[in-house]
1. Suppose we keep only residues that are in contact with a helix residue (DSSP H, G or I) (Cβ under 6 Å, 6 or more places away or on another chain) and over 13 Å from residue 218 (Cβ atoms) within segment 123-140. Which one would you say is farthest from the ligand (Cβ to nearest atom)?
2. Conditions: (1) within 16 Å of the ligand (Cβ to nearest atom); (2) out of contact with any strand residue (DSSP E or B) (no Cβ under 7 Å at 6 or more places or on another chain); (3) over 29 Å from residue 233 (Cα atoms). Residue 333 meets all but one. Number of the miss?
3. Residue 271 - would you say it is under 28 Å from residue 245 (Cα atoms) and surrounded by fewer than 23 Cβ atoms within 10 Å (Cβ to Cβ)?
4. Counting only residues that are closer than 23 Å to residue 169 by Cα and surrounded by fewer than 16 Cβ atoms within 10 Å (Cβ to Cβ), which one in segment 277-312 is nearest to the ligand (Cβ to nearest atom)?
5. Output yes when any residue across segment 182-193 is modelled with pLDDT of 95 or more, within 14 Å of residue 126 (Cβ to Cβ) and outside any loop (DSSP other than H, G, I, E, B), and no when none is.
6. Any idea how many residues of segment 86-122 are under 19 Å from residue 215 (Cα atoms), part of a helix (DSSP H, G or I) and within 16 Å of the ligand (Cβ to nearest atom)?
7. Could you identify the single residue in 80, 112 that is in contact with a strand residue (DSSP E or B) (Cβ under 6 Å, 6 or more places away or on another chain) and more than 16 Å from residue 287 (Cα to Cα)?
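The values are calculated or read from the model by the stated rules, or taken from the named source; none is laboratory data. Computed from a prediction, not measured in an experiment: that's the story for all the values here. Every residue, glycine as well, gets a Cβ built from its backbone with ideal geometry; the counts of neighbours run over all protein chains shown.
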Ligand code: XIL
């Protein structure tokens with residue numbers, strides 16, 4: 001990919017405003033105010049969730065309780081732009097399960113209430129994952145109790161929010177090609193103790209606890225070009241096909257969408273895969289979108305330009321699939337991204353993978369997403 005300029009330059013915006021009679025309010029606003037103003041100055045631009053909703057898409061973000069409490073300005077940005085929230089960590093086992101016999105919903109309930117009081121929906125992440133497990137898990141779980149522990153966790157947690165959920169990530173990241181199994185399943189405690197049927201059990205238990213909830217299989221590393229992602233796609237497709245054929249109550253595939261700016265995330269392999277997933281009758285959800293910039297040049301204009309280009313290319317590609325009705329980013333502002341921790345830059349600069357910068361100002365990526373929503377076909 002060549003080094004690009006920001007998606008919408010000031011001149012582009014002016015041209016758009018001059019040539020497009022009745023241009024969207026956000027374009028007019030950008031022209032009047034220029035890029036790089038404060039978040040407050042942009043409040044008249046409308047919101048991501050509004051423009052998405054006008055195309056039949058729900059836009060939302062991952063949030064953390066601590067951040068929403070500590071940073072009211074950030075919380076304001078969240079309520080302005082989101083229609084659905086997902087807790088980053090508060091619904092993971094290590095947050096919910098202080099002991100084998102206890103459930104602590106204080107973090108997730110707080111976020112659910114925050115969402116509700118601002119007219120937003122709430123989605124659940126995640127019921128089955130081999131990461132973020134409490135310390136007691138490994139010494140406690142064995143062949144005899146694994147099934148009961150899994151089922152009681154799911155029925156209690158899903159039951160707690162029954163009738164109120166947008167959707168649940170029932171199983172997260174169940175494929176790991178490098179583990180060497182023919183079916184590509186990741187070797188986790190659940191697989192070891194319960195066999196591949198652990199997924200069937202999990203989806204059935206979630207469905208029983210909340211028959212109305214949309215149940216999702218959520219996966220990473222599906223988007224890039226290249227052989228590794230292709231193997232990942234094939235293993236996931238085979239898995240979804242098996243689940244659907246067996247009548248397992250699964251309704252959607254979550255595509256995490258954490259990827260680097262310099263991959264072609266609108267490639268033909270992904271396109272084929274998405275058509276095949278739609279043919280299975282499943283919804284497609286974009287669940288954790290952010291564009292990693294840790295390998296890009298340090299120059300901020302160049303970096304932001306490449307990141308915004310990737311947002312625009314990916315969204316204008318993915319939103320052509322009408323089964324994509326939910327799109328979540330993994331945070332809104334670079335102030336709180338998890339990315340630098342995961343992939344620090346060699347030059348020590350902070351990462352800029354999200355739509356708003358660390359001062360909560362909209363970046364070119366914000367404009368790119370607004371534009372992609374604006375151009376998306378209605379569903
Ligand atoms: C991440 C959280 O954002 C971090 O705060 C935490 O330290 C690690 O997990 N894929 C997932 C998410 O499904 O649960 C991960 O969330 C990011 C990658």
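1. The qualifying residue farthest from the ligand (Cβ to nearest atom) is 134.
2. (2)
3. Yes; evaluated as a whole, the condition is true for this residue.
4. Selected residue: 280.
5. yes
6. Going through segment 86-122 one residue at a time, the tally reaches 2.
7. 112
Let's see how each residue does on (1) touching a helix residue (DSSP H, G or I) at 6+ places or on another chain (Cβ under 9 Å); (2) buried (at least 20 other Cβ atoms within 10 Å of the Cβ):
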position	(1), (2)
217	yes, yes
223	yes, yes
228	yes, no
232	yes, yes
239	yes, yes
245	no, no
249	yes, no
254	no, yes
